[in-house]
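S.K.: This is the structure I want to talk about, given as C-alpha cells.
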Amino acid sequence: MSNLQFTFVDVEALWDEELYHAYRAVDPRGAMKIEREEKHLHRLPCKRIVAAAAFDIELADAGAISIGGLKAWTEHDYGGEKEVVTQLFEHLRGRPQTHVVTYGGLSAEIPLFNLAGIEHELILPPQLRTGQHVRFGAWRPHIDFALTIKGNGRDWAHMTEIGLRLGLPGELFAGKADIAEPRSSEEWEAMRHRVSTDCILTAMIALTYWRANGHIKLDQSAALLTIADWCLRNRCVVEAHVEPLTWVRAEMFARMGAEWEAAA
C-alpha cells in the first residue's frame, strides 16, 4: 500500500464592488431583494480570490508523518486572481497523487475556483473537478472536511469549535472572521499568514479525526508535535502564533513522555 498524500488548501476572497454594481445594473430588483436580506456581501459570484495556500503532508503506512512544505500566494505578490489561482492549480497538478482537503470547500472554494476558471480560461486540476466518482471506502480526490465531520447531522461545526475540543490554544483562531482588504505590504503579509495558518489548523484537526475513526495510523501527540515544530522551525506563522504553537509542541512532548513512562 502506497503512502497517503494530502494537500490542505485554503483561500481568501474579497468582495468586488464593480462586479456587484454590474449585476445590480442588469437586475436591480433582484439586487434589492438580496440587499434587504443583507446577503449580498456573501454572494460568491461577486467575490474574487486574493490569496491561497497549500500545505503538503505525506503519511506512511506505519503512521510516520512527513511535511512536504507550505506555500502561499497573494494578489499583492503575483498580480491578481488569475495569477494566484494559476499558482495553486499548478501546485496541485504537479502532485497528481495528492488528496486535496478543504474546510467547507464544496460551498466556498470549489465554486470560487470554477468562477475563476470561467473568467480567466483556466482548467481546474483533476482533484478539484466536479462529478468525481470513487469506489466505496476510497479516499476522494477532494475531501470537504467540514462535510465529513458534519456527517448526517444537521449542524455545521466551525473549525474553531473543533480546534478547541482538540485542545489547541484559542489564540491560533483569533481574527479568522475579521478579513478585510489589505492596504499595505504588512497587511498583505498578515493575509498570507492567515490563509497559511488555516491550512495548518485544518491538517491538525483532520488528521486527528481520521485517526479517531481508524482511517489512518497515527500517534496523535507525535503528529501535532511534528506539525507545530515544523511551523516554528520554518518561521511560517505570525509572531502572535509562536507562543501558542510553542505551547502545543511542549504539551505534546510532555504527553508522549508520560505515555513512554506508563509503558515502561
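The values are calculated or read from the model by the stated rules, or taken from the named source; none is laboratory data. Computed from a predicted structure; not experimentally measured. When we count neighbours, we look across all protein chains shown, and the Cβ atoms used for this are built from the backbone with ideal geometry, even at glycine.
S.K.: Out of everything in the stretch 238-263 that is in a helix (DSSP H, G or I) and in contact (Cβ under 8 Å) with a residue 40 or more places away in the chain, what residue ends up being surrounded by the most Cβ atoms within 10 Å (Cβ to Cβ)?
M.R.: Filtering the stretch 238-263 down to residues in a helix (DSSP H, G or I) leaves 239-263.
Right, trim to in contact (Cβ under 8 Å) with a residue 40 or more places away in the chain and you get 240-241, 243-245, 247-248, 251.
Values: ALA240: 13, HIS241: 21, GLU243: 11, PRO244: 18, LEU245: 23, TRP247: 15, VAL248: 25, GLU251: 17.
Checking each candidate, the answer is VAL248.
S.K.: Scan the stretch 169-185 and give yes if some residue there is in a helix (DSSP H, G or I), closer than 25 Å to ASP77 by Cα, modelled with pLDDT under 95 and not β-branched (Val, Ile, Thr), otherwise no.
M.R.: Pass one, the stretch 169-185, residues in a helix (DSSP H, G or I): 170-172, 185.
Now drop any that are not closer than 25 Å to ASP77 by Cα, which leaves 172, 185.
Add one more test, that the residue is modelled with pLDDT under 95, and what stays is 172, 185.
Applying the additional criterion that residues be not β-branched (Val, Ile, Thr) yields 172, 185.
Among the residues of the stretch 169-185, at least one is in a helix (DSSP H, G or I), closer than 25 Å to ASP77 by Cα, modelled with pLDDT under 95 and not β-branched (Val, Ile, Thr), which makes the answer yes.
S.K.: Considering every residue within the stretch 195-209, establish whether at least one is part of a loop (DSSP other than H, G, I, E, B) and either crowded, with 21+ Cβ neighbours inside 10 Å or aliphatic (A, V, I, L, M) (or both).
M.R.: Here is the first cut: in the stretch 195-209, the ones part of a loop (DSSP other than H, G, I, E, B) are none.
No, every residue in the stretch 195-209 fails to be part of a loop (DSSP other than H, G, I, E, B) and either crowded, with 21+ Cβ neighbours inside 10 Å or aliphatic (A, V, I, L, M) (or both).
S.K.: Could you tell me whether VAL195 is under 15 Å from the mean Cα position of the chain (by Cα), β-branched (Val, Ile, Thr) and closer than 28 Å to GLU75 by Cα? Quick ask: steps written out before the conclusion?
M.R.: Numbers: under 15 Å from the mean Cα position of the chain (by Cα): yes; β-branched (Val, Ile, Thr): yes; closer than 28 Å to GLU75 by Cα: yes.
Yes: the conditions hold for VAL195.
S.K.: Which residue out of LEU166, LEU147, LEU92, LEU106 is at pLDDT 95 or above and closer than 23 Å to ILE200 by Cα?
M.R.: Details: LEU166 fails: at pLDDT 95 or above; LEU147 fails: at pLDDT 95 or above; LEU106 fails: at pLDDT 95 or above.
Of the residues listed, the single one that is at pLDDT 95 or above and closer than 23 Å to ILE200 by Cα is LEU92.
S.K.: Given the criterion over 18 Å from ASN3 (Cβ atoms), surrounded by fewer than 20 Cβ atoms within 10 Å (Cβ to Cβ), under 17 Å from the mean Cα position of the chain (by Cα) and not charged (D, E, K, R), identify the matching residue among GLY104, GLY69, GLY151, GLY80.
M.R.: Values: GLY69 fails: over 18 Å from ASN3 (Cβ atoms); GLY151 fails: under 17 Å from the mean Cα position of the chain (by Cα); GLY80 fails: under 17 Å from the mean Cα position of the chain (by Cα).
Going through GLY104, GLY69, GLY151, GLY80 in turn, the sole match is GLY104.
S.K.: Further question: Name the pairs: first residue in the stretch 9-23 and in a strand (DSSP E or B), second residue among the acidic types (Asp, Glu), Cβ to Cβ under 7 Å, at least 6 apart or on different chains?
M.R.: Short answer, once both residue conditions are applied: VAL9/GLU109; ASP10/ASP198; VAL11/GLU109; LEU14/GLU181.
S.K.: How many residues, within the stretch 210-237, are in contact with a helix residue (DSSP H, G or I) (Cβ under 7 Å, 6 or more places away or on another chain) and either assigned to a helix (DSSP H, G or I) or within 12 Å of ILE65 (Cβ to Cβ) (or both)? Let's see the steps before the verdict.
M.R.: As a first pass, look at the stretch 210-237 and keep what is in contact with a helix residue (DSSP H, G or I) (Cβ under 7 Å, 6 or more places away or on another chain): 211, 216, 218, 220-225, 227-229, 231-232, 236-237.
Narrowing further to those that are either assigned to a helix (DSSP H, G or I) or within 12 Å of ILE65 (Cβ to Cβ) (or both): 211, 216, 218, 220-225, 227-229, 231-232.
Number satisfying all stated conditions: 14.
S.K.: Can you report the number of residues in the stretch 227-237 which are modelled with pLDDT under 95 and surrounded by 15 or more Cβ atoms within 10 Å (Cβ to Cβ)?
M.R.: The qualifying residues number 2.
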